Amino acid sequence: QVQLVESGGGLVQAGGSLRLSCVASESISSIDVMGWYRQAPGKQRVLVAHISNGGTSRYVDSVKGRFTISRDNAKNTVYLQMNSLKVEDTAVYYCNALFREGIPWGQGTQVTVSS
């Protein structure tokens, strides 16, 4: 069973940048679409970006132009480059596959943006 480990979060001032990583315990080359999700305090987890094996990426409007998702199948890793961070980006960030059930959620990585 694939396990996911997220890292790279931290405390950053508004306008700053962070790069998140999600390392899978097994190959992700067979997973067509991988995504980054986030869960703010008291809110549901939501998808913010996803990327296909072919490199096609999509973003929610609130992060377009600021976040960039990428993947390196050779390293079993998905990345999320986050620039121009805003206070409202504060959340725990998770990665997981889309359209494929059964992969347990990792522990996530906390991103806190201060004003």
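The values are calculated or read from the model by the stated rules, or taken from the named source; none is laboratory data. For clarity, every value in this text was computed on a predicted model and none was experimentally measured. Ideal geometry is used to build each Cβ from the backbone, glycine not excepted, and the neighbour counts take in all protein chains shown. Accessible surface areas use protein heavy atoms only, side chains included; no ligands, DNA or RNA. Shrake-Rupley method; radii C 1.70, N 1.55, O 1.52, S 1.80 Å.
Remarks
- Choice from Asp61, Asp72, Asp32 showing the highest fluctuation, given a GNM over the chain with Cα pairs closer than 10 Å: Asp61
- Sequence-distant residues sharing a close amide H with Arg71 (under 5 Å, placed H): Tyr79
- Residue of Glu88, Glu26, Glu101 that the Gaussian network model of the chain assigns the largest fluctuation, springs spanning Cα pairs under 10 Å: Glu101
- Percent breakdown of C-alpha pair distances by 10 Å bin, ordered from the shortest bin, for the range 1-85: 17, 50, 29, 4
- Residues in the range 61-89 reached by a label modelled at Val46 [backbone nitrogen below 18 Å; 7 Å Cα→Cβ]: 61-69, 82-83, 85-89
- Result for the chain in a Gaussian network model with C-alpha springs under 10 Å: among Arg100, Arg45, Arg19, the largest mean-square fluctuation is at Arg100.
- Share of carbon and sulfur in the accessible heavy-atom surface of the chain [1.4 Å probe, %]: 48 percent
- For the range 75-89, Karplus couplings with θ = phi - 60° (6.51, -1.76, 1.60), whole Hz, Gly/Pro x: 9, 6, 10, 10, 10, 9, 8, 10, 10, 6, 5, 10, 4, 6, 7
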